[in-house]
Amino acid sequence: MGLDASEKYREGCFGGCLDPVMTHDSPIEEEGRSDMKRKMKTYAIYNIKGGVGKTTISVNLAFLSALDGKRTLIWDLDPQGGTSYYLNVRPKIKGGVDKFVRTKSDIENLLRMTGYPNLDILPSDISYRRMDHLIRKTADKKPIRMLETRVKPLRKNYDHLILDCPPDLSMVAENVFRMADVLVVPLIPTTLSLRAYNRLVRFLVKNKINKSLRVLPFFNQVNENKPIHRVVTRNVRDKHPIFLNTAVPESNVIEAMGVKRAPVFSYARESAESNTLKDLWQEIKERSKD
Ligand SMILES: Nc1ncnc2c1ncn2[C@@H]1O[C@H](COP(=O)(O)OP(=O)(O)OP(=O)(O)O)[C@@H](O)[C@H]1O
Ligand SMILES: [Mg+2]
């Protein structure tokens with residue numbers, strides 16, 4: 001299936017970890033990262049490609065994390081504000097993201113409750129489209145750690161941070177790769193998707209970003225009636241154990257989130273889809289145990 005870069009993963013640390021070249025101590029650990037990991041675990045939902053289900057999965061995983069009793073924060077990093085929309089939170093940030101980046105304004109003022117127990121959100125608004133540009137221009141000594149620095153005051157308040165990321169390999173993405181413990185990558189089972197995933201892996205390996213990052217790809221929007229979906233899903237999972245076993249089907253129940261503006265579990269608790277999402281969260285937790 002042309003997953004050559006993926007072969008650079010080896011079984012062991014997380015059912016596949018980054019190239020052995022990345023087993024050296026990383027600068028993040030030197031800067032007290034181990035303390036951050038102990039306090040708050042960061043799951044980034046990311047793919048270079050758009051429309052693969054990043055926002056859909058982020059919202060449901062955040063909900064399930066909160067349901068576990070974990071104090072959970074979801075950070076909508078996308079100017080489209082899909083997470084804020086699904087969780088019914090007004091996408092308006094006082095002063096816009098410019099103020100947040102330039103003045104290091106108090107991040108706690110930007111927190112919003114979602115109405116679900118244990119689940120808070122940092123919403124995004126349209127000003128987030130300037131985030132990449134602003135990070136590049138920031139006076140911070142380490143622009144690639146800017147998001148990590150800004151979120152630092154919240155470490156003590158939350159067990160889990162879920163990042164809904166915009167598509168593309170931007171500075172925002174580089175920040176995300178450095179601050180995350182786990183990179184959950186939803187993929188639609190097509191050859192183009194696998195190509196994009198390979199690009200991501202190559203980028204991580206080449207740039208030696210965050211050796212302790214656990215990359216967990218899985219298939220979303222799987223339609224068993226499509227031969228290409230069947231072939232890709234089976235072949236890839238057989239050959240590449242790094243892929244999660246749980247595959248999320250293409251489903252009207254999941255798509256209805258756009259109308260319900262709520263996580264699937266909250267309006268279809270007993271559905272097969274809710275069970276699959278629970279399996280997905282369970283597998284992610286198991287595969288990302290320290
Ligand atoms: N498993 C699924 N079954 C049916 N529809 C789905 C599923 N997952 C996502 N979708 C639908 O696919 C569309 C894109 O999903 P989503 O917005 O979560 O993707 P995204 O990767 O966040 O997109 P973007 O890159 O634009 O941020 C939405 O309409 C969503 O409802
Ligand atoms: Mg999205």
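The values are calculated or read from the model by the stated rules, or taken from the named source; none is laboratory data. It should be emphasised that the depicted structure is a prediction, and the values quoted were computed from it without experimental measurement. Methodologically, a virtual Cβ is constructed for each residue, glycine included, from the backbone with ideal geometry; neighbour enumeration extends over all protein chains shown.
Quick notes
- Number of the condition not met by LEU204 [criteria: (1) under 16 Å from the mean Cα position of the chain (by Cα); (2) part of a loop (DSSP other than H, G, I, E, B)]: (2)
- Neighbours by Cβ (under 6 Å, 6+ apart or cross-chain): first from the stretch 136-153, touching a residue at least 12 places away in the same chain (Cβ under 8 Å); second acidic (Asp, Glu): ILE144/GLU174; MET146/ASP140
- Residue that is farthest from ligand 2 (Cβ to nearest atom), among those in the stretch 57-87 that are in contact with a strand residue (DSSP E or B) (Cβ under 9 Å, 6 or more places away or on another chain), outside any helix (DSSP H, G or I) and more than 19 Å from ARG155 (Cα to Cα): LEU87
- Test result for VAL151, at pLDDT below 85, farther than 23 Å from VAL52 by Cβ and in a helix (DSSP H, G or I): no
- Tabulated pairs, the stretch 249-271, first farther than 15 Å from SER58 by Cα and in contact (Cβ under 8 Å) with a residue 24 or more places away in the chain, second more than 16 Å from ligand 2 (Cβ to nearest atom) and not in a helix (DSSP H, G or I), C-beta under 7 angstrom, 6+ apart or interchain: PRO249/VAL222; GLU250/VAL222; GLU250/ASN223
- Search result, residues across the stretch 254-275 that are hydroxyl-bearing (Ser, Thr, Tyr) and outside any helix (DSSP H, G or I): SER271
- Residue within the stretch 10-23 that is at pLDDT below 95, among the β-branched types (Val, Ile, Thr) and either under 23 Å from LYS211 (Cα atoms) or more than 16 Å from ligand 2 (Cβ to nearest atom) (or both) present: yes
- In the stretch 155-167, the residues that are surrounded by fewer than 20 Cβ atoms within 10 Å (Cβ to Cβ) and of a type outside the set (S, T, N, Q): ARG155, LYS156, ASP159, PRO167
- Filtered by the rule that a residue be surrounded by 15 or more Cβ atoms within 10 Å (Cβ to Cβ), of a type in the set (Gly, Ala, Ser) and out of contact with any Ser or Thr (no Cβ under 7 Å at 6 or more places or on another chain), the stretch 59-115 gives a lone residue, SER105.
- All of ILE242, ILE162 fail the test of being within 17 Å of the chain's Cα centre (by Cα), outside any helix (DSSP H, G or I) and more than 16 Å from ligand 1 (Cβ to nearest atom), apart from ILE242.
- The stretch 177-194 - residue that is outside any helix (DSSP H, G or I) and either charged (D, E, K, R) or without any contact (Cβ under 8 Å) to a residue 60 or more places away in the chain (or both) and, of those, farthest from HIS160 (Cα to Cα): THR190
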